[in-house]
Amino acid sequence: MTEDKSSSGGLMERQTTGEDRVRMIARQLSEPRTTNWIASEADWSHEPTRRVLERLVDDGILHRDESGPHTTYYPDYRRQAMQEAMRLRDGGHTVEELTDRLADMKAQIRDWEAEFDVESPNQLRGTLADESLDTDEESRRREIAREWEHLQRRIQIVGFAIREWDFLAPTNESVEASS
């Protein structure tokens, strides 16, 4: 088992450069992070990580926030949402399949609302103050709150992909131009 761990753990390092890892991590951020955090996740040095992050800012892929005690970087969430909507459109799904997926996600949220008699993930987190809950139930509710927030984001993106289905269609302009 140690052999599997070392071969899978080293796979990222063997097949990617430090810059590749920084770029991958930066594009997957869901909240602002410091250079040190990103460098640690990428297993790379601070200074080269900072240079890559600055290039990503210059390219419009990341934003820099210097308003707090530490400079943080975060992706352009609009760009991420648009790219995800295009992936959904181009991924071989039909608009009906996406509509079904959207309905399933909304039904799951309605089920949680009914089960816990709450209207939001934060209200669910507020139920953790109930002293009669055991550790397993507390963990379950925290996990459901995280999943609920994830589904809310997915609903927005899937809904956008459905609403803009025709707009997001791949164009044949390059094929027609070369003919």
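Coordinate-derived values only; no laboratory data. Given the structure is predicted, the values throughout are model-derived calculations rather than measurements. Cβ: placed from backbone, ideal geometry, glycine included. Neighbour counts: every protein chain shown.
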*Fraction in percent of alpha-carbon pairs per bin - 5 Å, the range 68-129*: 4, 13, 13, 12, 13, 16, 16, 9, 3, 0
*Surrounding net charge for residue 41, when Lys and Arg each add one and Asp and Glu each subtract one, Cβ distance under 11 Å*: +1
*asked:* Below 11 angstrom from the Cβ of residue 64, what's the summed charge of the other residues (Lys, Arg +1; Asp, Glu -1)?
replied: -3
*Dipole magnitude of the chain about its Cα centre (Cβ charges: Lys, Arg +1; Asp, Glu -1), debye to nearest 20*: 640
*Which values of log₁₀ I(q)/I(0), to two decimal places, follow from the Debye formula for the range 13-75 at q = 0.16 Å⁻¹ with a uniform point scatterer at every Cα?*
-0.42
_the chain: radius of gyration over Cα atoms, expressed as a fraction of 2.2 N^0.38 Å_ = 1.32
*Considering the options 17, 98, 121, tell which one lies farthest towards the positive end of the dipole of the chain, charges being +1 on Lys and Arg and -1 on Asp and Glu at the Cβ, about the Cα centre.*
17
*Sum up the charges of everything whose Cβ sits under 12 Å from the Cβ of residue 138, counting Lys and Arg as +1 and Asp and Glu as -1, but leave residue 138 out.*
-2
